[in-house]
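The values are calculated or read from the model by the stated rules, or taken from the named source; none is laboratory data. Owing to the predicted nature of the structure, the values given are computational and were not obtained by experimental measurement. All Cβ positions, even for glycine, are placed from backbone atoms using ideal geometry, and neighbour counts span all protein chains on display. To get the accessible areas, we keep the full protein, side chains included, count just its heavy atoms, and leave off ligands, DNA and RNA. Shrake-Rupley method; radii C 1.70, N 1.55, O 1.52, S 1.80 Å.
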Amino acid sequence: MGRVLPTKWTPKLTAVLRTVDELGREQDAETAFEYLHGQYVTSAHSMSGLAGTPDTVAEVMLALAGPGNRTLDFTSGTGSILRMAADQALQRGTVTHCYAQEINPQYALITLLRLWFVHLRARRAGHEAAPPVVHVGDSLLADALPDLRADVVVANFPFGIHDWGHDRLTYDPRWTFGLPPRTEPELAWVQHALAHLSPGGTAVVLMPPATALRPAGRRIRAELVRRGALRAVIALPVGLMPPTGIGLHVWVLHQPDQRQSPATPGCWSSMPPPCRRTTPSPKPSAGYGAATCPATSPKHPGCIAPWPPSTCSTTRWT
């Protein structure tokens, strides 16, 4: 606790502690903590988008992922997605065992506390729930859960990291779809997510739109589609969460069961309406090109579906 608690209580910290104590007398501990968490993640000191994922975005991600007995977030921030997953499971009358890793010790502590409140509610409801597992560390360079295979993996990881460990991880066994180029850390995160999925499991991760287009990652993207690991790319509206100037993508990933035949590449979506045929793009150099969207089409390598979905267009994966 010495690394978390301040070594000197200033008048400002004392005032904060007294305010928290008063709030705790008016509301139950979890409600008070969630209120304070909301104030924190919207403050200028929280690194906003990395600290907490907005509830609207987390809800979409979890709806796409579906329920699972084990849920992992390897860049948990303050635990927003995992807490919602645990809370939703409890509302369904079940539990999910939550696992987290976070490089920021303060964020990891907040994640643990938020998950522990839900865990206590589950125990009071009579569930034999295992306590949450939270580790501090860099998930790519020091994976704290190398043997974990989760039913659901969700993550809002940092984008554009230059020193993500490319040289040190050249022969890492996680790169089953290809060694991520130095300029493609997001494809390293994607393969890390897949490495932690159990057969038949689903991962849902937030991605920058550029990852679907950059030439450096073309081979890995093509391999993800060919082997049935990348099931959908969904475009979110601009402004839902930082960075507010771009509309982030949601990638839905699936760990194919090796006992089954590979999935046919195609446009998959859990949300209607289905994709329709559109006219091929006359400008292939622009990076986008529309194509046939039925799942039976061997020429359709994947789709980007807007949110809410209306039409389906293809990204050039090969």
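Observations on the model:
- Search result, residues across region 114-132 that are open to solvent by 40 Å² or more (accessible area, probe 1.4 Å) and either within 20 Å of the chain's Cα centre (by Cα) or not aliphatic (A, V, I, L, M) (or both): 116, 117, 121, 123, 124, 126, 127, 128, 131
- Close Cβ contacts (under 6 Å, 6 or more residues apart or on different chains) running from residues in region 196-223 that are farther than 30 Å from residue 85 by Cα and part of a loop (DSSP other than H, G, I, E, B) to residues that are of a type outside the set (A, V, I, L, M) and open to solvent by less than 40 Å² (accessible area, probe 1.4 Å) comprise 213/287.
- Output for region 88-106, where each listed residue is open to solvent by 30 Å² or more (accessible area, probe 1.4 Å), touching a Lys or Arg at 6+ places or on another chain (Cβ under 9 Å) and either assigned to a strand (DSSP E or B) or of a type in the set (D, E, K, R) (or both): 97, 99
- Residues that are small (Gly, Ala, Ser) and touching a Lys or Arg at 6+ places or on another chain (Cβ under 7 Å) within region 213-259 are absent altogether.
- Scan of region 66-75 for residues that are in contact with a strand residue (DSSP E or B) (Cβ under 7 Å, 6 or more places away or on another chain) and open to solvent by 10 Å² or more (accessible area, probe 1.4 Å), ordered by number: 66, 68, 69, 70, 75
- Of residues in region 1-58 being part of a loop (DSSP other than H, G, I, E, B) and modelled with pLDDT of 80 or more, the one most open to solvent (accessible area, probe 1.4 Å): 28
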